[in-house]
Amino acid sequence: MLKQNLQQKLLQKLSPQQIQFIKLLQVPTVSLDTRIKEELEENPALEDLSLTNLNEPEEQYPDRDPDDDNFTSDEERGEMDEFNIDDYLQEDNVNEYGSRYDQNGDDEEDRKEIPFAVQSSFFELLQSQLDMLPMSDKDFKIANQIIGSLDDDGYLRRPITSLTDDLAFSQNVMAEDEEVEDMLKLIQSFDPPGVGARSLQECLLIQLRRKDISDAIINKAILVVEHYLDEFTRKHYDKLEKSLNMTSVELRGVVNEILKLNPKPGDSNEVNSKQMQVIPDFHIKNSDGVLILTLNSKNAPELRVSRSYQEMFQHYDKSSQKDKKLKEAVQFVKQKLDSAKWFIDAIKQRQQTLLKTMNAIMHYQYDFFLTGDDKSLKPMILKDIADKIGMDISTVSRVANSKYVQTEHGTFLLKSFFSEAIQTDSGEEVSNKEVKKILEEHIGKEDKRHPLADEKLTEILKDAGYNIARRTVAKYREQMNIPVARLRKEL
């Protein structure tokens, strides 16, 4: 039996334009240029004015008289679309979108590309060493498979049996586990020392055994890593002295020798492509006690809608005979024009949102940007800024999580200015960053032979007027990547 009923549902749907803006807002300055290039490649109706100036003569787009027969009238332009396309057709010599933003990066010195060192990657280094060794085709394929199976840090984390199976299925090489083991030992003799290890223990032993084993300290270091690595990592030095019958001086020498080793040999020669160069999105200058905020000019590209596509649309739209192919052409051109207009709007909205958000953060943390003192940071959460600028918390979060500001005190991620409030004994609310700074200072000055435990740090903070629980102190310490007292101990 069929039933009909009425239901009310509250749904929130984002338009394609809103989705495009949200995605662009998350893109940091260092990646914005790549994103714009992608859009330029996908949409021929969108042009980069800076590239147009370089590649096209100025005479190609002379100024036009509005009374000229070829110029579209206001009435015809209104029929064309719901937006005025002329708003997106910039003159070739006018930087409409860039003129209001920071021009510091526009001089010749800043335009130069930042040089990067030409360096062989970790895997290329291993491959070059392998290529120099005489061996059979089978051994070469096995060794190649091992090198290709290494992680970026230089470790082999796949079982030998899995490598044997890979060789059989992917390269039709029937190898025994022992043959793969032999090739692995060969690769473990390559540089950097420790490469091809299957565990931290094996990595350290490979490095130690390549040193002068006639040295007593080296021999004892091998003994510690081979049989007492757990005690060493936990810094149970008393137990090591008793178990190995060593004096504290000898143990100090052994510990120093082990600490010289590289636990991640792959990283020593790896050009990490995942690490992006930090380019600040904002600049804050102190001009006699007045802060001046500017947006990096790279965030204000000179974009416009293609004139040729506009003229093409006008030509198709005025045609008296419109067959199916012509209608498809008109639809295609209009879709590209719409897309170009939306993208320019999204870029412009991104600029405005970035400036609005950063301006609110700057005024909220004015004292910090003047002094650079972490203790002057005020407690500030996303909602504080969202309420101030009348935007959603998620919008502020997208700006704060990926944008940097350059000041005379350094370059900071916007996210670092947000912190929780902590109440002092006097009733004053301070940022938890102030507490972290105090913790960092006391841990930095502690006697490393007797480091401060969390309980002692809690007492120090209470004496300073910060009534914080020990578990909160431990949480802050972990957030600052500071290990527990026992692991900070030194001989």
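The values are calculated or read from the model by the stated rules, or taken from the named source; none is laboratory data. This is a predicted model, so every value here is computed, not measured. Cβ placement follows ideal geometry from the backbone for every residue including glycine, while neighbour counts extend to all protein chains displayed. Each accessible area value is taken on the protein alone, full model and side chains, heavy atoms only, with ligands, DNA and RNA left out. Shrake-Rupley method; radii C 1.70, N 1.55, O 1.52, S 1.80 Å.
For region 122-162, backbone nitrogen atoms closer than 20 Å to the point 7 Å from Glu178 Cα along Cα-to-C-beta are found at 136-143, 160-162. If the chain linking Lys375 and Lys324 were pulled fully straight, counting 0.36 nm for each residue of separation and taking away their Cα-Cα distance, it would gain 11.4 nm.
A simple spin-label model places pseudo-atoms 7 Å from Cα toward Cβ; at Asn219 and Val30 they are separated by 4.9 nm. For a paramagnetic label modelled at 7 Å from the Cα of Met132 toward its Cβ, which residues of region 165-209 fall within the zone defined by backbone nitrogen distances under 17 Å? Backbone N within reach: 186-195.
By the scheme Lys and Arg +1, Asp and Glu -1, what is the net charge of all other residues having a beta-carbon under 12 Å from that of Glu179? Here the charged neighbours net out to -3. Remark: accessible surface ordering of Val435, Val278 (largest first) is Val278, Val435, probe radius 1.4 Å. If the segment from Glu420 to Arg252 were pulled out straight at 0.36 nm per residue, it would be longer than the present Cα-Cα gap by 56.3 nm. A DSSP coil position with no more than 16 other Cβ atoms inside 10 Å describes the following GluC sites (Glu not before Pro) in region 165-266: Glu176. Rounded to whole numbers, the Karplus 3J(HN,Hα) couplings from phi for region 467-472 are 8, 10, 6, 4, 5, 6 Hz, using 6.51 cos²θ - 1.76 cosθ + 1.60 with θ = phi - 60°, and x at Gly and Pro.
Classification of region 406-465 by its C-alpha gyration tensor yields an oblate form. The axis ratio a/c (a ≥ b ≥ c) is 1.5 or more, and b/c is at least a/b. Other residues with beta-carbon under 12 Å from the beta-carbon of Ser416 carry, at +1 per Lys or Arg and -1 per Asp or Glu, a net charge of +3. Taking Cβ atoms as reference points and 14 Å as the exclusive limit, the residues near Ala400 contribute a net charge of +3, counting Lys and Arg as +1 and Asp and Glu as -1. Subtracting the Cα-Cα distance of Arg198 and Asp345 from their residue separation scaled by 0.36 nm leaves 47.6 nm. Each label point was placed 7 Å from the Cα along the Cα-to-Cβ direction; for Asp212 and Asn481 their separation is 3.5 nm. Over 20 Å apart at the Cα level, from the set Lys436/Lys475; Lys239/Lys260; Lys378/Lys456, are Lys239/Lys260; Lys378/Lys456.
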